[in-house]
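Each remark here refers to the structure printed beneath this line.
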Amino acid sequence: MPQREDEILLEFHQIGNFVRVCAVDPVTFTEVSIQGPATASQSDLKRMAIRRLQYVLNKKAQTEEGAGAEAEQGQKGFYI
């Protein structure tokens, strides 16, 4: 998971009355996007996108840990 905000790539696109923000972790190439009103401040949209990316990265890490524990218990298969 990124430790600093400058390690996250952000992209803003205004489409009509809303803005789409994409946040990418350059290490894992994980990408998330959010949408918000065009009247929202860029800092608010940035903060929401970063929080969502951190949430997705944390969920991904938990899933990988859980799959590793099941493999150690002798269970076959994997999660997709």
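Since every read-out is calculated from the coordinates, none of them should be taken as a lab result. All figures in this text were calculated on a predicted structure; none of them were measured in a lab. Reconstructed Cβ throughout: ideal geometry from the backbone, glycine too, with neighbour counts over all protein chains shown.
Worth a mention:
- Every condition in (1) of a type outside the set (Ser, Thr, Tyr); (2) farther than 20 Å from Ala61 by Cα; (3) in contact with a Pro (Cβ under 6 Å, 6 or more places away or on another chain) holds for Leu45 except the one numbered (3).
- Residues that are part of a helix (DSSP H, G or I) and loosely packed, with under 13 Cβ neighbours inside 10 Å, drawn from segment 34-46: Gln42, Ser43, Asp44
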